[in-house]
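This structure is in structure tokens; I'll ask about it shortly.
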Amino acid sequence: MAEENLKDTEIRILGAVQNEIPVCARPFEAIARHLSAAGQAVGEEEVIDTLESLRARNYIRRIGPVFDAAKLGYKSILAAAGVTENSIEEAAAVINSYAGVTHNYLRAGDPYNIWFTVTAESTEEIVRIVDEIEMRLGLDEILVLPAEKTYKIKVGFELGNSGGSVPD
Amino acid sequence: MCKLTGLEKKIIFAISRGIEITARPFEKIARKVSVGEETVIGTLETLVNEKKIRRLCAVLRHRRLGYAANAMCVFDVSDENVDTAGEYAASFPEVSHCYRRTRAESWPYNLYAMVHSHTEAECAAVADKIASRSAAADYKLLYSVKELKKENMIYFNETDSPAPDKDVSHE
């Protein structure tokens with residue numbers, strides 16, 4: 001994909017919103033104030049228009065809360081399956097048909113090349129989903145890899161070509 | 001720990017797909033749930049304080065931003081070393097997610113780090129440092145070839161709840 005150069009204002013705004021958006025009545029006004037205080041004079045309307053434009057140009061996937069699934073009472077696991085080249089599409093269709101499967105990637109891995117996450121309200125439900133996928137795909141084994149400890153969950157990309165680094 | 005009120009569940013469900021880019025996004029959520037805007041904001045603040053919400057933020061498309069190389073790096077580290085190795089891996093800005101996971105019989109790896117960079121060589125350099133610092137017995141980089149699905153988890157999607165009237169997920 002050809003990369004266009006983002007404008008300095010766009011980089012600053014993206015940097016701010018990927019980090020954190022305050023929970024308040026006018027969150028984008030708060031972002032504008034924050035950026036203005038940091039020396040990038042910008043108004044609420046410009047923040048909104050810029051974000052809308054960045055979203056339309058496919059830079060932004062989603063704006064919203066990041067939940068801690070475990071603290072909401074949900075369980076989640078990473079699963080891996082080994083699928084032959086010609087059955088990847090079919091396998092993806094089966095795996096993706098479950099609402100609890102939120103992420104699924106084809107990876108250059110041997111013997112496991114399909115890696116997906118399963119989130120559900122109980123461990124039993126996760127086992128049921130994984131067993132069903134195994135059966136539907138006729139696989140001997142799907143790896144089930146629960147997390148025992150989280151060391152980091154923080155997506156913060158360094159942006160732009162010139163001084164667009166992202167605060168921690 | 002995870003006791004949630006009916007109202008909290010409704011608000012979480014209503015906001016699962018994200019907020020709109022508009023001056024007062026929580027007012028829109030409030031209308032879906034038929035409560036006041038301040039109730040939505042108050043509830044979200046509580047959920048943030050209780051760490052049920054990690055944060056409110058934008059999720060960017062990293063490939064669009066030039067992060068073409070994305071690898072899940074897996075390491076087989078001794079149980080004694082794994083916490084130190086995990087903290088070390090987490091210190092790299094290129095690492096977005098890092099977990100210790102249960103080992104499987106046919107898959108001995110116990111440390112997982114998602115590494116994002118502009119080139120595969122840069123990813124490999126990060127994985128290499130983590131592996132040597134943690135004296136990993138073995139490690140692998142599994143580059144992502146294709147995104148097959150990436151969606152928001154819709155929490156508390158009870159059959160009697162009204163479906164969100166508009167999908168604001170920016171897919």
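We did not get these values from a lab; they are worked out from the coordinates using the rules stated. None of these values were measured; they are calculated from a predicted model. Backbone-built Cβ (ideal geometry, glycine too); neighbour counts: all protein chains shown.
Quick one: give the max-minus-min coordinate of the C-alpha atoms of the stretch A:10-156 along each principal axis, largest first, in Å.
59, 34, 25
Under the Karplus relation 6.51 cos²θ - 1.76 cosθ + 1.60, θ = phi - 60°, what is the ordered set of whole-Hz ³J(HN,Hα) values for the stretch A:82-91, x standing for Gly and Pro?
The phi angles translate into x, 10, 6, 2, 7, 9, 4, 4, 5, 4 Hz.
What is the dipole size for chain A, taken about its Cα centre, with +1 at each Lys and Arg Cβ and -1 at each Asp and Glu Cβ, in debye to the nearest 20? Working shown, then result.
Working: 16 positive and 27 negative charges, 103 e Å.
Here chain A has a charge dipole of around 500 debye.
Want the number for A:Ala108 to A:Cys24: 0.36 nm per residue separation, take away the alpha-carbon distance, what's left? Could the numbers behind the result be given before it?
Working: separation 84, 0.36 × 84 = 30.24 nm, distance 4.29 nm.
Separation in residues times 0.36 nm, less the Cα-Cα distance, equals 25.9 nm.
Take the Cβ-Cβ distance between A:Asp8 and B:Thr39 as r, set R0 to 30 Å, and report the resulting FRET efficiency rounded to the nearest 0.05. All intermediate terms of the calculation are to be shown ahead of the outcome.
On the way: r = 38 Å, r/R0 = 1.28.
Plugging the Cβ-Cβ distance into 1/(1 + (r/R0)^6) gives 0.20.
I need the calculated FRET efficiency for the pair B:Ala135 and A:Arg128, taking r as the beta carbon distance and R₀ as 56 Å, to the nearest 0.05.
0.90
So, R0 is 25 Å and r is the distance between the beta-carbons of B:Val48 and B:Lys150; what FRET efficiency does that work out to, to 0.05? Working shown, then result.
On the way: r = 24 Å, r/R0 = 0.95.
For R0 = 25 Å, the calculated efficiency reads 0.55.
Give me the distance between the Cα centres of the stretch A:66-114 and the stretch B:20-98, rounded to whole Å.
Taking the Cα centre of each part, the stretch A:66-114 and the stretch B:20-98 sit 19 Å apart.
Let me ask another. Report the rotationally averaged projected area of chain B based on its alpha-carbon convex hull, in square nanometres. If you can, show how the numbers build up before the last one.
Values: hull surface 51.2 nm².
Mean shadow area of the hull around the Cα atoms is 12.8 nm².
Now for a separate question. Once you compute Rg and the Kirkwood Rh from C-alpha atoms, what is the Rg to Rh ratio for the stretch B:6-49? Walk me through the intermediate numbers first.
Numbers: Rg = 9.4 Å, Rh = 10.3 Å.
Checking Rg against Rh, the ratio lands at 0.92.
Still on this structure, please answer the following. What order, most packed first, do the peptides A:35-46, A:99-110, B:12-23 have when packing is the mean number of other Cβ atoms within 10 Å of each residue? Provide the component values of the computation, followed by the final result.
On the way: A:35-46: 13.6, A:99-110: 18.2, B:12-23: 20.6.
Averaged packing, sorted descending, gives the order B:12-23, A:99-110, A:35-46.
In the calculated pair distance distribution of the stretch B:69-143, what percentage of Cα-Cα distances lie above 15 Å? Spell out each step's value before the answer.
On the way: 1242 of 2775 pairs.
In whole percent, the long-distance tail amounts to 45.
I would also like to ask the following. Please give, to one decimal in nm, the separation of the simple spin-label points placed at A:Asp140 and B:Asp79, each 7 Å out from Cα toward the Cβ.
2.8 nm
In percent, what relative contact order does chain A have, based on Cα pairs under 8 Å that are 6 or more apart in sequence? Please list the in-between numbers first.
Values: 188 pairs, mean separation 42.7, N = 168.
Relative contact order, chain A: 25 percent.
Quick one: what does P(r) look like for the protein assembly as shown with 10 Å bins over all Cα pairs, in whole %?
Distribution as computed: 5, 24, 32, 27, 11, 1 percent.
For the stretch B:88-150, run through the GluC sites (Glu not before Pro) and keep only the ones in DSSP coil with at most 12 other Cβ atoms within 10 Å of their Cβ.
Numbers: sites: B:Glu94, B:Glu105, B:Glu120, B:Glu122, B:Glu147; in loops: B:Glu94, B:Glu105.
Sites meeting the loop and neighbour criteria: B:Glu105.
For a label point 7 angstrom out from the Cα of A:Glu52 toward its Cβ, which stretches of the stretch B:63-81 have the backbone nitrogen within less than 20 Å?
Within reach of a label on A:Glu52: no residues.
Taking each residue in A:86-94, count the Cβ atoms of any other chain within 10 Å of its Cβ, then average. What number comes out? All intermediate terms of the calculation are to be shown ahead of the outcome.
Working: counts 0, 0, 3, 1, 0, 1, 3, 1, 0.
Average neighbour count from other chains, rounded to a whole number: 1.
Another question about this same structure. For the pairs A:Lys7/B:Lys140; A:Lys154/B:Lys10; B:Lys3/B:Lys146, flag any whose C-alpha to C-alpha distance is greater than 32 Å.
Working: A:Lys7/B:Lys140 37 Å; A:Lys154/B:Lys10 26 Å; B:Lys3/B:Lys146 37 Å.
Among A:Lys7/B:Lys140; A:Lys154/B:Lys10; B:Lys3/B:Lys146, the Cα-Cα distance tops 32 Å for A:Lys7/B:Lys140; B:Lys3/B:Lys146.
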